[in-house]
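A.B. asks: After the structure tokens below, expect a handful of questions from me.
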Amino acid sequence: MFSMLLALSALAGLLLVNGQSLIVPGAPWKDTSGNAIQAHGAGILKVGSTFYWFGEDKSHNSASFKAVSCYTSTDLVTWARQNDALSPIAGTMISNTNIVERPKVLFNSKNNEYVMWFHSDSSNYGAAMVGVATAKTPCGPFTYKGSWKPLGADSRDEGLFQDGTYCIPTITPCSAYLLYASDNNQNFKITHLDANYYNVTTVASQLNGATLEAPGIVKRNGEYWLIASHTSGWAPNPNKAFHATSLAGPWSAQADIAPEAVNTYFSQNAYDLPLGSNAIYMGDRWRSNVLGSSQYIWLPLDWSSGSPQLVQADVWSVNLSAGTYSVASGTTYEAEKGTLGGSSRLLTNSAFSGGTAVGYLGNGGTVTITVQGRGTAQWVALYIANGDSSWRNTTISVNGGAAISLDQPNTGGGGVVLSIPVQLNLRSGSNTILFSSGQTNYAADLDKIIVY
Ligand SMILES: *[C@@H]1O[C@H](CO)[C@@H](O)[C@H](O)[C@H]1NC(C)=O
Ligand SMILES: *[C@@H]1O[C@H](CO)[C@@H](O)[C@H](O)[C@H]1NC(C)=O
Ligand SMILES: *[C@@H]1O[C@H](CO)[C@@H](O)[C@H](O)[C@H]1NC(C)=O
């Protein structure tokens, strides 16, 4: 359930010192060694009270296979990198010139074994296979078993779902299913795994012409909720939800999980982790030309309206024992109330807060906003509109200090506003924040900022 974090300003002041205890979607997430977390296309496995996060290491800024990483955490925020779960093997479908994406791991109680499934492909995505690997420990390293086309048909983006209802651990392994984009990404399939989780057996559901990828399933009150994107390559699209009382369907018509214009807050689903009566949407904000800089967009997926909706949250936290989440509240400063300099000027659009934003930033255009600080590192969310088809960036200087640069995704035309976070050192009391751009073209339009 939604609840405001009590006394957040005091709590956040402590928590933000290490920047680790809050979930800040879109910020650069670091592991406990201070390195960027490289676990794109996430899969989460819980063993006891430990969460394992498997993902694609894209630190080489390439789609080719480098490693399936494995990170551990007990709070979903502080992540320690472990040994790589899967590494390239020359001369196989998992060589470093091939594609290994969206690793997902389940525990198979029959064989006391962890089984990893992943999208296994050639460099031009023409092979369209699944790959399977096994290990006796959660992070492995896993032993590769092979790659093939399930039931002879294509499989590209995939996920796994383990149905906890029909299993008795150590006696009957839980029913598990492969969720995958098949038949040249046209038909979406949900197919039973065998009792070992080594292969598929029979198709449970087929959504013909659905053009879905990046799937996850959450089971809630006996109902199955499929969350998936449509197909637009690395670019984001409005991800959708479908529901059914059986994995065999029939499935409902698709419904939005966020306002369509924001393209799932510029992200694509990777995994959906149950949290109490809700879930955590775990998505990727792909940056196709610098893949290793792709950030993670994790947001509450809330069912209080009856169907799942992403909660727009700049800064939030989970209480795992209660199964709840809390969205931080901050102080809003409208950009148009700041001091404009150079070529910057006011823009009006009903999509902007107060109907107005500051445009023509960069190229000598600036806006200076005065904010109150607490004398610590604080998260500041910039609400921006970037109608370009490519990313921009803005420079930010606090109290006349050195400018830092912040990347700004393209948000789409029509004044679509997205928030992007930056951590700034603010002194106690009044601070000036100057927004401009080092580039000769313009930075995104600035609607408002929220200081947390
Ligand atoms: C998977 O099962 C199919 C039959 O359904 C079989 O043809 C295929 O060889 C199996 N693949 C592996 C890798 O076991
Ligand atoms: C988390 O929820 C539990 C159970 O409701 C509660 O006792 C605990 O105080 C909560 N923790 C925080 C940090 O709010
Ligand atoms: C800002 O964006 C421009 C292109 O719009 C790019 O040339 C420049 O390198 C970027 N600056 C930084 C610091 O990323």
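A.B. asks: How many residues are of a type outside the set (G, A, S), over 17 Å from R102 (Cα atoms) and open to solvent by less than 30 Å² (accessible area, probe 1.4 Å) when one looks only at the range 137-186?
C.D. replies: Of the residues in that region, 4 qualify.
A.B. asks: OK, next. Of everything in the range 412-440, what is touching a Phe, Trp or Tyr at 6+ places or on another chain (Cβ under 7 Å) and modelled with pLDDT of 95 or more? Give them in sequence order. It would help to see each step written out before you state the result.
C.D. replies: Kept after step one, since they are touching a Phe, Trp or Tyr at 6+ places or on another chain (Cβ under 7 Å), are these residues of the range 412-440: 415, 417-419, 421, 423.
V417, L418, S419, P421, Q423, listed by residue number.
A.B. asks: If I ask for residues that are closer than 15 Å to I23 by Cβ and buried (at least 17 other Cβ atoms within 10 Å of the Cβ), which ones from the range 313-340 would you list?
C.D. replies: A313, D314, V315, W316, S317, V318, T324, Y325, S326, V327, A328, G330
A.B. asks: Which ones in the range 423-452 are within 16 Å of ligand 3 (Cβ to nearest atom) and either outside any strand (DSSP E or B) or over 20 Å from A357 (Cα atoms) (or both)?
C.D. replies: S437, G438, Q439, T440, N441, Y442, A443, A444
A.B. asks: Taking D194, is it closer than 29 Å to G164 by Cβ and surrounded by fewer than 16 Cβ atoms within 10 Å (Cβ to Cβ)? Steps first, answer last, please.
C.D. replies: Details: closer than 29 Å to G164 by Cβ: yes; surrounded by fewer than 16 Cβ atoms within 10 Å (Cβ to Cβ): yes.
The answer is yes for D194.
A.B. asks: While we're looking at this one, here's another question. Looking at the range 354-413, what strands (runs of 3 or more DSSP E) fall wholly within it and have at least 3 residues that are open to solvent by less than 40 Å² (accessible area, probe 1.4 Å)?
C.D. replies: Working: elements: 356-359, 366-385, 392-398, 404-408.
Ranges flagged: 356-359, 366-385, 392-398.
A.B. asks: Oh, and also: Within the range 85-102, track down each residue that is touching a Gly at 6+ places or on another chain (Cβ under 8 Å) and assigned to a loop (DSSP other than H, G, I, E, B). Quick ask: steps written out before the conclusion?
C.D. replies: The first filter runs over the range 85-102 and keeps only residues touching a Gly at 6+ places or on another chain (Cβ under 8 Å), leaving 85-86, 93-94, 100-102.
Within the range 85-102, A85, M93, I94 qualify.
A.B. asks: Yes or no: the range 371-380 includes at least one residue that is away from ligand 2 (no atom under 16 Å from the Cβ), in contact with a Phe, Trp or Tyr (Cβ under 8 Å, 6 or more places away or on another chain) and within 14 Å of D445 (Cα to Cα). Before you say what the answer is, go through the steps one by one.
C.D. replies: At the first step, the residues of the range 371-380 found to be away from ligand 2 (no atom under 16 Å from the Cβ) are 371-380.
Filter once more, so that each one left must be in contact with a Phe, Trp or Tyr (Cβ under 8 Å, 6 or more places away or on another chain): 371, 378-380.
The next check asks that each one be within 14 Å of D445 (Cα to Cα); those that pass are none.
Within the range 371-380, none of the residues are away from ligand 2 (no atom under 16 Å from the Cβ), in contact with a Phe, Trp or Tyr (Cβ under 8 Å, 6 or more places away or on another chain) and within 14 Å of D445 (Cα to Cα).
A.B. asks: Anything in the range 235-251 that is within 18 Å of Y271 (Cβ to Cβ) and among the aromatic types (F, W, Y)? List them, or say none.
C.D. replies: Listed by number, the list holds a single entry, F242.
A.B. asks: Taking S205, is it assigned to a strand (DSSP E or B) and either of a type outside the set (K, R) or more than 22 Å from V115 (Cβ to Cβ) (or both)?
C.D. replies: Values: assigned to a strand (DSSP E or B): yes; either of a type outside the set (K, R) or more than 22 Å from V115 (Cβ to Cβ) (or both): yes.
So S205 fits the description; yes.
A.B. asks: Does the range 202-211 include one or more residues that are in contact with a strand residue (DSSP E or B) (Cβ under 8 Å, 6 or more places away or on another chain), open to solvent by less than 30 Å² (accessible area, probe 1.4 Å), under 26 Å from C70 (Cβ atoms) and more than 16 Å from ligand 3 (Cβ to nearest atom)?
C.D. replies: Applying the first criterion (in contact with a strand residue (DSSP E or B) (Cβ under 8 Å, 6 or more places away or on another chain)) to the range 202-211 yields 202-211.
Going one step further and asking which of them are open to solvent by less than 30 Å² (accessible area, probe 1.4 Å), we end up with 204-205, 207, 210.
Of the ones still in play, those that are also under 26 Å from C70 (Cβ atoms) are none.
No; the residues of the range 202-211 include none that is in contact with a strand residue (DSSP E or B) (Cβ under 8 Å, 6 or more places away or on another chain), open to solvent by less than 30 Å² (accessible area, probe 1.4 Å), under 26 Å from C70 (Cβ atoms) and more than 16 Å from ligand 3 (Cβ to nearest atom).
A.B. asks: Turning to a different aspect of this structure: If you go through the range 214-234, how many residues are open to solvent by 40 Å² or more (accessible area, probe 1.4 Å) and either touching a Phe, Trp or Tyr at 6+ places or on another chain (Cβ under 8 Å) or touching a residue at least 60 places away in the same chain (Cβ under 8 Å) (or both)?
C.D. replies: Counting residues in the range 214-234 that are open to solvent by 40 Å² or more (accessible area, probe 1.4 Å) and either touching a Phe, Trp or Tyr at 6+ places or on another chain (Cβ under 8 Å) or touching a residue at least 60 places away in the same chain (Cβ under 8 Å) (or both) gives 3.
A.B. asks: Could you give every pair whose Cβ atoms fall below 9 Å, whose first residue belongs to the range 387-408 and is touching a residue at least 60 places away in the same chain (Cβ under 8 Å), and whose second residue is part of a strand (DSSP E or B) and within 7 Å of ligand 3 (Cβ to nearest atom), counting only separations of at least 6 or pairs across chains?
C.D. replies: W391/D407; D407/R392; D407/N393
A.B. asks: Counting just the residues of the range 116-161 that are basic (K, R) and in contact (Cβ under 8 Å) with a residue 24 or more places away in the chain, which one comes out farthest from ligand 1 (Cβ to nearest atom)?
C.D. replies: K136
A.B. asks: Only strands (runs of 3 or more DSSP E) wholly contained in the range 245-311 count here; list those with 1 or more residues that are closer than 30 Å to T165 by Cα and open to solvent by 20 Å² or more (accessible area, probe 1.4 Å).
C.D. replies: Counting at least 1 such residues, we get 268-275.
A.B. asks: Still on this structure: What are the residues in the range 107-160 that are in a loop (DSSP other than H, G, I, E, B) and acidic (D, E), if any? Explain how you work it out, then say what you get.
C.D. replies: The initial filter retains those residues of the range 107-160 that are in a loop (DSSP other than H, G, I, E, B), namely 109-112, 122-128, 136-142, 149, 153-157.
Those that are in a loop (DSSP other than H, G, I, E, B) and acidic (D, E): D154, D157.
The values are calculated or read from the model by the stated rules, or taken from the named source; none is laboratory data. Bear in mind that the values here come from a model prediction, so they are computed numbers and not experimental data. Counting neighbours? That spans all protein chains shown, and the Cβs are built from the backbone with ideal geometry, glycine included. In case anyone asks, the SASA skips ligands and DNA or RNA and just uses the protein heavy atoms, side chains included. Shrake-Rupley method; radii C 1.70, N 1.55, O 1.52, S 1.80 Å.
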